[in-house]
Structure formats: C-alpha cells, structure tokens
4 protein chains.
Amino acid sequence: MIENKILLTDCPDDKGLIAKITNICYKHQLNILHNNEFVDFETKHFFMRTELQGIFNEEVLLEDLNFSLPKGTNCRLINADRRKRIVILVTKEAHCLGDILMKTYYGGLNVEIAAVIGNHDNLRTLVERFDIPFHCISHEGLTRIEHDKKLAETIDQYNPDIIVLAKYMRVLNPEFVARYPNRVINIHHSFLPAFIGANPYKRAYDRGVKIIGATAHFINNELDEGPIIMQNVINVDHTYSAEAMMKAGRDVEKTVLSRALDLALHDRLFVYQNKTIIL
Amino acid sequence: MIENKILLTDCPDDKGLIAKITNICYKHQLNILHNNEFVDFETKHFFMRTELQGIFNEEVLLEDLNFSLPKGTNCRLINADRRKRIVILVTKEAHCLGDILMKTYYGGLNVEIAAVIGNHDNLRTLVERFDIPFHCISHEGLTRIEHDKKLAETIDQYNPDIIVLAKYMRVLNPEFVARYPNRVINIHHSFLPAFIGANPYKRAYDRGVKIIGATAHFINNELDEGPIIMQNVINVDHTYSAEAMMKAGRDVEKTVLSRALDLALHDRLFVYQNKTIIL
Amino acid sequence: MIENKILLTDCPDDKGLIAKITNICYKHQLNILHNNEFVDFETKHFFMRTELQGIFNEEVLLEDLNFSLPKGTNCRLINADRRKRIVILVTKEAHCLGDILMKTYYGGLNVEIAAVIGNHDNLRTLVERFDIPFHCISHEGLTRIEHDKKLAETIDQYNPDIIVLAKYMRVLNPEFVARYPNRVINIHHSFLPAFIGANPYKRAYDRGVKIIGATAHFINNELDEGPIIMQNVINVDHTYSAEAMMKAGRDVEKTVLSRALDLALHDRLFVYQNKTIIL
Amino acid sequence: MIENKILLTDCPDDKGLIAKITNICYKHQLNILHNNEFVDFETKHFFMRTELQGIFNEEVLLEDLNFSLPKGTNCRLINADRRKRIVILVTKEAHCLGDILMKTYYGGLNVEIAAVIGNHDNLRTLVERFDIPFHCISHEGLTRIEHDKKLAETIDQYNPDIIVLAKYMRVLNPEFVARYPNRVINIHHSFLPAFIGANPYKRAYDRGVKIIGATAHFINNELDEGPIIMQNVINVDHTYSAEAMMKAGRDVEKTVLSRALDLALHDRLFVYQNKTIIL
C-alpha cells in the first residue's frame, strides 16, 4: 500500500549525511516529495525532514538508517496519513480556542480535537456546540500538583499527540511538563522575552511600547522560557489603553497559536537546546 | 439621561470650522471624549468625528450646527450606546463568517448578527449552532435581479445597519447596491487593485507574487472598485501552491474583514469620492 | 508675512478645551491646516497639535491662550518654516548615520546636520564626503563625566534642536541627559523592553526568538528605559546566526531611527510620564 | 586549495536526484555546508542549491553530475569566494542608489560597484564621492535602440555579473533584455501586478489604497511582468497625499531592491517559467 511518511533525522554533523539518508530512501524505492535540512554550525548538529511516499518496510528502513548514520542519531518515521489528536486546555478566554474550533470545523486545521479541559466552566457551551467533550477540572481546593495530576489523568484518557494551552492561565508543575516533553504548546500574550509572566498587556501599556505581540512556545520548567515556535506583533499607539491592547492582541494570539499548531501537526518542528528548528 | 453620541460632520473646508463645531458642543454642555478631524486639501473638504457625552437636545444641536456651518454640510448624530445590527451574506466558505460569529460570541465585536443568508445551504449548521437564523436563498433558476430582490426582501426584514459579504461569491446588481449606499462591506481575496475579479489566488500563483493579501471595501457598481476600508498582506514564496496561498490567505481575509467591520460599527468611516477617511 | 507655525498645547483635561483653543486661533485669523488632539483618560491630561497658517502676533496669541486655558498649561509655538538642526553621535557603525546622511542629501529628511561626533575616528571619511564637520572625541583616558562634558561643549557650539545617537554605544551620564531633556533620540537594537543593554542580537539568538527588532526612544537616566517613539521588527528563523540577525537588523534600525527623527523634526511628539504621544 | 563553490542544479524531477547529487559531492570529498531543494509539482521540475567546500576538480565534478542526472539538466558551479560586480543604472532619484552605495561602503552588501550610469547627470556628485565611475548617457536626441546600445557598450566594458536598475525610469528594448538574460534587476514602486507602468503612487492615491509597496524583479520584454524576486508593503491612510506616499515608499523600495540584490549576489535565485525560486 502506498503510504506517506515523514522521516525526521537529527544527529551530530558529518560529511555525507544527506547522501547516506537519501541513498537509503532511494534503495527502499521511496519517493522524496520534500526534503529540508539544516546544519547548526554552532552546535555542529544536523537536522533533516524528509517527506516520503511509497511502500514502507519501516523496520528495515530504520535499521538501515541507524546502521549507516553516526552514533547519537535520532530517526523517527511518522505516519503522515494519520490525523493527529489534540487536547486543549483553557481558562476563560475564548478567542484562541474559538479559532482552533472553527479552523478544525472547516478543515483549516487537519486535526481531531479529542477534548477540551477548562479550570472554569464558562467555555463548556461553546465547545459542546462543536460536539466536543468538555471537562471542567476546577483548581479550587487543590494543590497545584493535585490539580495537574487530575488534568493529566483526563488528558491521558484521550491519548493526544499534542496538548494545546489556549490561554490556560496557570503554571504547570515540572512533573506535568516532564510527562509530555515537547508536546505542550502554549500561547503567551507578549513578544517574549519581553513581559514574561502575568499581565503583559498592562505592562506593555505602562511601558508605552509601540508594538504588542504574541509568542507560541513549547513549555518547559522555566516560566515563558520554553523553545519559541512562532511570534508576531502588531502596531499600537498612544490611543490604546491596556484593554484596547488586549483586544487588538487577540487576533495576533490566535493566529500565532494556530500556525504554531499547524507546524506541529505537520511534524515540521525539531527542538534542540531550547530552540526550534522549523523544516 | 447621560448618553454617548457620535457627531459626524463633513462640509466644504472653511476657516474656523473646528471652533464653530466645538463651541456649539460646549454651549450644549456636551463633553468631547474624542475628536478627530481631517481636511482633504485636494478636494477642499472637511471631515470631523466627535465623540460626545452628556444630555442631548438632538434637534436643537443639529439645528445650531446646520445654521452655523457652510452650505453643503452633512451632520449626523449617531447613538453610540445602541448595538448595531448586521446581516451576513455567504456562499460556501466558513472562515470569515466563523470569525465574526466567534468574535460576536465572546464580545470581540459589539454587534447583533440578525441573520445569515447563504446562496448555498452548507453553512446552516454552523450558524444555527450560534442560535442565529440562517436563510438559504438559492440563485438557481433565478436571474440575478430576481435573486438580489429576494435577498433584499429577507435583508429588509431584519433592518440591518450594515450588510457584510463574508465571501459571498456573487456580483450584486446596481439596484441592490443603490438600496444600501455605503452600507455593504465586502472582502476581496487580493490586495486590490491587483487581481480584480475571479480566482485571485490562482492568478497570484501564476504571476509568482511574493505577497498575497485581502481587501475590505464598500461595494459600488464597479466590480472590486468600491472604497477601500482596510488591506493587509502576508509573505508567500515559491513553495506555495495556489491552494496553499488560499489556505494561508484565509487568516488575512478574516482579520481584515473583522477589523473593517469593527471600524464601521464604531462609525469611524467617511466615504468621499470613492475613498474612505478613517477617523 | 504669512507664516506656518505649530502650536503644541498640553494641560489637565477640561470641558471646552478644543473650542477655546480653536476659537482663539480663529480670532487671530489663523487658518488651521491640521489639528490633532488626544486625551489620556488615565492621567486626565489633554494634548493638542495645531498646524497654523497666517500672520502671527505671537506674544498676544500665547497670552490669550494662557489666560483662557487651565492652570498647568504648556503652550509652545514653533516656527514650522525653519529647518531644524541636529548633531549626530556615533561610535563605529555606519548604517544609521549613513541613512540620515543620505536622506538629508536627497531631501528625504528636512534637516541640517550641523556636525557628527564620534568616539572613534573611523566614520570621519564618510561624514566629510558629505561636507559635514566630524569631531572625534575619544573616551580613552577620560572618565565618563569628563568625556560627556567634552561632548556637550562641542554639541553646544552647534546649538542643535535634537541630538541623535546613531548607534552611539556608550551610556551618557545624568548630567548630560538633564542638559537636553527630551531632545536626545537613541536607537536600540532590540524590541524593547526585551534585551535591554549590551549584545541584544547575541541574546536574541541564544533565546531562539523568531522576530528581531529595533526601538527609537528618548534617553532618560535608566538604560533603555526612556520614552519609546517607534519600534519595528522583522522575522528571523533558525538559519540566522547572531551575526546574520545583526546584519538583517540594520535595515530595521536605520528605518526606525530615521522615522522617529522625522516625527521629531515635524514636532509631532509629546512626552508625558515616560511615554510619547504622537500627533 | 580549499574553496567554496555553489552548485546550482535544475532538471526534470525524478526519483533519487538528491541522492545522486549528494553522492557525487561526497565521492569528490566535498563538504556540504548548506543544501536546499525544491520540487515544483506543477511543472515536475527539480531545483537544488548546494554550498560546497573542499578541493574541487570542477571539470570532472560537472561531468559526473551531467552523466548521472537526467537529460535536460542544468548544472552550474559558481565560485562563492569571488566578489560579484554590478553596474547600476539610474535616472534622477537617489534613494535606491544611495542605499546600495552605503551598504557596499560599510560591508552590508558584498559587491563591487563597477560603475553607475545615469541618463541624467544629477547623481554624478553622489557617486563620485564614493570613488565610483559615473557615466552620463543622455537619451536626448537618440532613439530607444540607439540609447540602449550606448548603455550596453558602456556596461560591457565593466563586465558585470548583474545590472541593477535603481529607479532607472526608462523601458529597455528587447535586444537589451536578451543580452543580459535574468541578470537585470529592476525595482518597481508598487506591489505588482497592481499599478503596472507609470506613476504608481499617483494611481495608488487616486484608488485610495491602504497599503503601498515595491517589487524587485528581473526584467523581461513585458513591462513590469518579469519574474518577481521580492515584494514588501507599508500601511498608508487617508492623510497621505500622493507625494507623501512616494516619500514613505522610498524606504520600502530601497530595502526591497537591496535585499533582492543580496539574494542574487549569493546565487540564491533560480528563474523558471517567469517565476523565481529562492533557495
């Protein structure tokens, strides 16, 4: 059966890597639809993303690659024909969630939204209108660790590829972060590293900035310090109150998050040393 | 009762216009919250938008203004406390409609969507999920004039302030256009005046452009030639097929349309000699 | 004699301010070419910029205004027909200086460059090619205060309206700053408040940001904390080394600085509580 | 001797092309610094740009490639260590020329400006200040063909890699165009295909657009219809006269042209069927 798969390779840089990998693909009679590579000359690390089409003998292909490539190689072969599954975490704001719901509805994002989890209940109606399960897991009366544990239990029922924090306004504990390495995408409402933490629009207003922005990033254990996937900004001026900035920023936030998610859904993201390489 | 009203004035330019208008407002004990004016030196025409707060004696105020200002003055006093009403026309695509639905839902647009009318039926489910009436008025078997007449009849039932063409893919006849002067906002999927008419993405692809865009404009009787309200673009490159451009363009289209609509909802648009002045 | 002047007014907000000011102008038979005002509702402060044309009785005009307007009013009347004079401070980099030289040469900036002062000598040739005096005032062997004093002495010979730090890579001491309040424009090579201080491109690279930018601001006594005039960004990606970011950033830096300077040259900037209002 | 060369390959698409090319490079013991490829699925054509480092046996390398690759393959091996040479054509405007002069001066463009040719004399002083030969070749009293012939004779003396039309405001005849295929870069002061031909800013003003832009493209025999290299836009509004648009547009024009030139200088451009592929 003809299948589409994506081969993601990263390894210490060496001579002849592209030749070796593409040769093996060629010998397996696989057609390369797209190929993109990058060498980080600072870390001397090689990254390649190869879209393959053909009849796969997956085990042998990976064996051939691992045999041929240097020690320390990571090879992943991902089924490009399978629709990925996400779980979305929210608090009270609807715009990022709404954009993902709507894009998924009309086919702008090729994804299955398995469930939405809120620490408040107010977005339930919206989610259920799209026939998607909504879970309210309140943080009230729970420690952070207890709450995160309940989240993880519910998330794991759905076995998602990616977890999207669509304006989920709580910090997640290290155990939670470690459970889903490079699988949790957050949207922060500033152009990081400016305005890390709470109330970025208020602080942008107080500082008198002339641009505001948003940043989609994978979470790690430092607040707003994870690998950045995408950023964008819009112009503001003195006529914008903090609230007007917040309103204007929503379109940036939702677009940045949706596009970052789209990159993840297409397996276009490598994470290496707290940065993303987008191929 | 304290009310908020917007005074829109335009007239042939003259000395002392701002003084005259603001004096009259002052004598009426009205507070000016925002005031913006523009003089078009080419046409020697004056435009002013004044946000007023206070107790209005509307009739006398307008009399005072008309008495004091030059011949050819247009003064409109608009209730800023009333939520405006729109009717949306669509064909098959959901993204622009979806953005307006979602923003209205969470308060990002302060508007009442009175109804959505489609010449196809496929967006009914989406619209009805938001508890908004959907009318399918098929164009099949009808002349353009007959179809537009049916549209107008349905539209007029809802008495909307503004009619939004959210990817309504049919040309409207002059009678329809004349019925709603400067009240019909269209989104065109190119940076006009490039790619007027059908299939702009295909033609953008064929031309090999490096930017694609969208234009929101009031319709007039020339196809895609009405007064432009807002435009925006995004970068593309050789890796984009016509379809990929169309997909990427959707976010621009919807944002441009929503923001143009927002300007109209706040009465920030003057139309003069086929251009918009945004105050 | 018909003259063009710009009236800059700021005062505590009150009812009828626009009426009062424009009335007085009207009584003085002055024509208002452009008028822009802004009320900051947070600080309850009013700002207005009025471009006037006519025969001025300047003293009486200002008396009338000050008599009529509330306590705490600042009124300035600026000759719009006089070309402003600047002194530019540089270190070693040519791109921001070069853009101002070139724009001034072909009339893109309406300014007289009175002199350029460098703490290194390497830009002398470039400056002298444009028949502009260049002074090298080395900081070597001098304390910061001594060096800044020598700078100020040279600057004051030229009596400039504005001092432009076109990649002048040294911090200026508080005495220097106080000598030229809101008259010293700096360009910082990041989108502030991100990457305050040294080596912003290196730090942007290390953080893995996807946008880089530049900020033009008036200096104050906090490093990179002065009132922001203009900011812009460009997209970067993983293929950019720190050096490539620096190279790409130059076009943003120079454009942001030139445009901020242009605003200052047209007296379009108010500074209030560490923010700029651009009218 | 270790050299840097760029291998540009394009050919009908086929299985195994990347493997074949990179294998041959590997066998020649050449290190691949960067490799980028693109397959145009519409035309079924393959493009690859490979930055190579090592000791080259150029003749054998090209033989090996041409033997191994399909019929219709173009392979070019370009010396990346040699600084390219350009001739710039101008009319009267200084901003695009000035930007290239300045960037070349401070190393922002790695290029040798062999000469500047104007059909007017007014830019001579500026050019000669940078110690670059300036030729005034007036078009007065000459037919287009005669004038273009004189241009070509002067250009050919300098044997340039690329000819840059930095606001050269005349159409070049087909013979001239054919003489330098895909080697003449023009800047047009609109976002093509909008406003092809003369006075784009005036026409943009008349149309009431909200963005203006610039397009760098290779010239061909259709006015403003050549392969587009780069485009950018900026926002404008109703306060912009046609002249203000022209002034604001200069920064876009010069930046777009400089960046397009930079791509050409790095051999990153393929031209295929009136489009550019940028690798």
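The values are calculated or read from the model by the stated rules, or taken from the named source; none is laboratory data. Just so it is clear, the model here is predicted, and its values are computed rather than measured. No Cβ is skipped: glycine too gets one built from the backbone with ideal geometry, and neighbour counts run over all protein chains shown. Remember, those area values only see protein heavy atoms, side chains included, never the ligands or the DNA or RNA. Shrake-Rupley method; radii C 1.70, N 1.55, O 1.52, S 1.80 Å.
Using Cα-Cα distances under 8 Å and only pairs 6 or more residues apart, what relative contact order does the range C:1-151 have, in percent?
Numbers: 244 pairs, mean separation 32.9, N = 151.
Relative CO of the range C:1-151 lands at 22 percent.
Count the net charge of all other residues whose Cβ sits under 11 Å from the Cβ of C:LEU123, scoring Lys and Arg as +1 and Asp and Glu as -1. Numbers along the way, then the final one.
Numbers: positive: C:LYS92, C:ARG124, C:ARG129, C:LYS167; negative: C:GLU93, C:ASP121, C:GLU128.
Result for the neighbourhood of C:LEU123: +1.
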Problem set entry | Amide hydrogen neighbours beyond the local backbone of B:ILE229, cut-off 5 Å, H modeled | B:ALA216, B:HIS217, B:PHE218
For this session: Choose one answer from D:ASN235, D:ASN79, D:ASN122: the residue with the largest mean-square fluctuation in a GNM of chain D with alpha-carbon springs under 10 Å.
Result: D:ASN235
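Given axes a ≥ b ≥ c from the Cα gyration tensor, I'd like to know whether the range D:1-156 is rounded (a/c under 1.5), prolate (a/b larger than b/c) or oblate. Each step should come with its number before you reach the end.
Working: a/c = 2.94, a/b = 2.06, b/c = 1.42.
The shape class here is prolate.
If A:VAL233, B:VAL111 are ordered by their accessible area, calculated over protein heavy atoms with a 1.4 Å probe, which sequence runs from highest to lowest?
On the way: A:VAL233 25, B:VAL111 5 Å².
Descending accessible area places them as A:VAL233, B:VAL111.
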Exercise. Cα axis of helix C:242-265 to longest principal axis of chain C: angle in degrees, 0 to 90, nearest 10?
Worked result: 20
For this session: Mind telling me which of B:HIS217, B:HIS139, B:HIS188 comes out most flexible in a GNM of chain B, alpha-carbon contacts under 10 Å?
Result: B:HIS139
Seminar exercise, completed: Cα-based Rg/(2.2 N^0.38 Å) for the protein assembly as shown, rounded to two decimals, is 0.98
For this session: Restricting to the protein assembly as shown, compute how many DSSP beta bridges are antiparallel as a %, nearest 5.
Result: 70
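With the contact rule set at Cα under 8 Å and sequence spacing of 6 or more, what percent relative contact order holds for the range C:143-237?
Values: 134 pairs, mean separation 23.0, N = 95.
Here the relative contact order equals 24 percent.
Once you charge only the Cβ atoms, +1 for Lys and Arg and -1 for Asp and Glu, what is the size of the charge dipole of the range C:84-278 about its Cα centre, to the nearest 20 debye? Let's see the in-between values first.
Details: 23 positive and 23 negative charges, 64 e Å.
Taking the Cα centre of the range C:84-278 as origin, the dipole is about 300 debye.
Can you tally the net charge around C:GLY54? Count Lys and Arg as +1, Asp and Glu as -1, for every other residue whose Cβ sits under 13 Å from the Cβ of C:GLY54.
Values: positive: B:LYS15, C:LYS5, C:LYS27; negative: C:GLU3, C:GLU51, C:GLU58, C:ASP81.
The answer is -1.
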Problem set entry | Under the Karplus curve 6.51 cos²θ - 1.76 cosθ + 1.60, θ = phi - 60°, whole-Hz ³J(HN,Hα) for the range B:60-71, x wherever Gly or Pro sits | 5, 4, 5, 4, 4, 5, 5, 5, 7, 8, x, 4
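Kindly sort B:TYR168, C:TYR272 by accessible area of their heavy atoms, largest first, with the probe set to 1.4 Å. Before the final figure, lay out the partial values.
Details: B:TYR168 10, C:TYR272 55 Å².
Solvent-accessible surface, decreasing: C:TYR272, B:TYR168.
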Problem set entry | Amide H contacts under 5 Å for C:SER190, placed H, 5+ residues apart | C:THR215
Problem set entry | Accessible-area value, A:ARG124, 1.4 Å probe, nucleic acids and ligands omitted, Å² | 70
Exercise. What whole-number value in Å² describes the accessible area per residue of the range D:1-123 for a 1.4 Å probe?
Worked result: 41
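Counting only protein heavy atoms, what percent of the accessible surface of the range D:77-172 is carbon or sulfur at a 1.4 Å probe?
On the way: 1750 of 3870 Å².
Exposed carbon and sulfur together represent 45 percent of the surface.
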Exercise. In this model, which of B:LYS44/D:LYS247; D:LYS20/D:LYS71; A:LYS210/C:LYS92; B:LYS5/C:LYS44; D:LYS44/D:LYS275; A:LYS254/C:LYS210 are farther than 19 Å apart at the alpha-carbon?
Worked result: B:LYS44/D:LYS247; A:LYS210/C:LYS92; B:LYS5/C:LYS44
Exercise. Where the label is 7 Å out from Cα toward Cβ, how close does C:LYS202 come to the same position in every other copy, in nm, shortest first?
Worked result: 3.6, 5.3, 5.5
Problem set entry | Residues losing 40 Å² or more accessible surface upon assembly, the range C:210-244, compared with the chain by itself, 1.4 Å | C:LYS210, C:ILE211, C:ILE228, C:GLN231, C:HIS238
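Can you tell me the mean projection area, over all orientations, of the convex hull of the range C:1-43's alpha carbons? Units nm², please. All intermediate terms of the calculation are to be shown ahead of the outcome.
Numbers: hull surface 13.8 nm².
It is 3.5 nm².
Do me a favour and compute the ellipsoid semi-axes for the range C:84-278 from its Cα gyration tensor, root of five times each eigenvalue, largest one first, whole Å.
On the way: eigenvalues 124, 68, 65 Å².
The three semi-axes for the range C:84-278 are 25, 19, 18 Å.
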Problem set entry | C-alpha center-to-center spacing [the range C:130-175, the range B:68-138] in angstrom | 59
For this session: Mind grabbing the accessible area of D:CYS75 for me, 1.4 Å probe, Å², rounded to tens?
Result: 30
For this session: Could you state how much accessible area C:ARG179 has, in square angstrom rounded to the nearest 10, with a 1.4 Å probe and all protein chains kept in place?
Result: 130
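Let me check against my output: what whole-number percent is the relative contact order of chain C, with C-alpha pairs under 8 Å and at least 6 apart? Write out the running numbers ahead of the final one.
Numbers: 521 pairs, mean separation 41.7, N = 279.
Result for chain C is 15 percent.
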For this session: May I ask you to evaluate 6.51 cos²θ - 1.76 cosθ + 1.60, the Karplus curve with θ = phi - 60°, for each residue of the range B:96-110 and list the ³J(HN,Hα) values in order in whole Hz, giving x for glycine and proline?
Result: 6, 4, x, 5, 5, 4, 5, 5, 5, 4, 9, x, x, 10, 8
Problem set entry | Inter-centroid distance (Cα atoms) of the range B:224-240 relative to the range B:178-206, Å | 9
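Given the range D:84-278, what percent of its DSSP beta bridges are antiparallel, to the nearest 5? Each step should come with its number before you reach the end.
Numbers: 15 of 32 bridges.
That works out to approximately 45 percent antiparallel.
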Exercise. Name the residues of the range A:107-148 whose accessible area, probed at 1.4 Å, falls by at least 40 Å² once all protein chains are in place instead of their chain on its own?
Worked result: A:LEU126, A:ARG129
Exercise. With charges set only on the Cβ (+1 for Lys and Arg, -1 for Asp and Glu), what does the dipole of the range D:140-202 come to about its Cα centre, in debye to the nearest 20?
Worked result: 260
For this session: Could you order D:LYS103, D:LYS275 by accessible surface area, starting with the largest, using a probe radius of 1.4 Å?
Result: D:LYS275, D:LYS103
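Determine, from the Cβ-Cβ distance of D:THR154 and D:ALA80 and an R0 of 35 Å, the FRET efficiency 1/(1 + (r/R0)^6), rounded to the nearest 0.05.
Values: r = 28 Å, r/R0 = 0.81.
It comes to 0.80.
Report the accessible surface area buried between chains C and D, summing both sides, using a 1.4 Å probe on protein heavy atoms only, in Å² rounded to the nearest 100.
Numbers: alone 14380 and 14380 Å², together 26770 Å².
Roughly 2000 Å².
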Problem set entry | Dipole moment magnitude, nearest 20 debye, the protein assembly as shown about Cα centre, only Lys, Arg, Asp, Glu C-beta charged | 0
Exercise. Helix D:144-158 versus the longest principal axis of chain D: what angle, 0 to 90°, nearest 10, using Cα atoms?
Worked result: 50
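Could you work out the mean projected area of the convex hull around the alpha carbons of the range D:3-79, in square nanometres to one decimal?
Details: hull surface 17.8 nm².
In nm², the orientation-averaged hull projection of the range D:3-79 is 4.5.
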Exercise. Computed on alpha carbon atoms, what radius of gyration and Dmax characterise the range B:142-258, expressed in Å?
Worked result: 15.2, 48
Exercise. If you plug each phi of the range D:228-240 into the Karplus form 6.51 cos²θ - 1.76 cosθ + 1.60 with θ = phi - 60°, what whole-Hz ³J(HN,Hα) values come out, in order, with x for Gly and Pro?
Worked result: 7, 9, 7, 9, 8, 9, 9, 7, 10, 8, 5, 7, 7
Problem set entry | Förster-model FRET efficiency, 22 Å R0, B:ARG170 and B:ILE196, C-beta, rounded to 0.05 | 0.90
Seminar exercise, completed: Once the dipole of chain B is set up from charges on Cβ (+1 Lys and Arg, -1 Asp and Glu), the residue from the list B:VAL87, B:ASN36, B:HIS238 lying farthest towards its positive end is B:HIS238
Seminar exercise, completed: In whole percents, the bins of 10 Å from zero upward hold the Cα-Cα pairs of the range A:214-279 as 21, 42, 27, 10, 0
For this session: Report, for D:GLU225, each distance to the same residue's label point in the other copies, shortest first and in nm; define the point 7 Å along Cα→Cβ.
Result: 2.3, 5.9, 6.1
For this session: Identify the residue of chain D whose Cβ lies closest to the rotation axis that maps chain D onto chain B, and give that distance in whole Å.
Result: D:ALA194, 2
Exercise. Which residue, D:VAL164, D:VAL39, D:VAL90, has the most motion in a Gaussian network model of chain D that connects Cα atoms within less than 10 Å?
Worked result: D:VAL39
